[in-house]
């Protein structure tokens, strides 16, 4: 399937996944795109987050918290400091919190959304839809 890059009302939800673990980003891309609902861009170098976000124009970002180059908190702050990217919702993904602690694996704290690793496609998709419904 060819994605032309044009924005139309019926387009798939664009999801940017930023995580230094290549296996995780590949799995998320494969599983989310497999639903037929999403167009996913995987990024393993957090320092490129601003440029890729501007170019891809995601509807939502899945962002790892702990990364070697620039951590997720700094990436989020940089995105929120720019007019073009400040309103893109972010879901932080972390292995620091267990699924038991966060009930279904998805929770909100201080206005931030978090998903606990490991995460299922159903949980990812549900979290994405829940956050996007809140911002519409």
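The values are calculated or read from the model by the stated rules, or taken from the named source; none is laboratory data. Bear in mind that the values here come from a model prediction, so they are computed numbers and not experimental data. Using ideal geometry, Cβ is built from the backbone for each residue, glycine included, and neighbour counts are taken over all protein chains shown.
What to note about this one:
- If you go through the range 47-97 and keep only what is farther than 15 Å from residue 112 by Cα and in a helix (DSSP H, G or I), you end up with 47, 48, 49, 50, 51, 52, 53, 54, 55, 56, 78.
- All of 62, 16, 30, 43 fail the test of being modelled with pLDDT of 95 or more, exposed (fewer than 13 other Cβ atoms within 10 Å of the Cβ) and at negative phi, apart from 30.
- Filter pass, residue 128 being in a strand (DSSP E or B) and at pLDDT 90 or above: no
- From 76, 116, residue being modelled with pLDDT of 90 or more and crowded, with 18+ Cβ neighbours inside 10 Å: 76
- Members of the range 81-113 that are at pLDDT 90 or above and exposed (fewer than 13 other Cβ atoms within 10 Å of the Cβ): 81, 82, 83, 84, 86, 87
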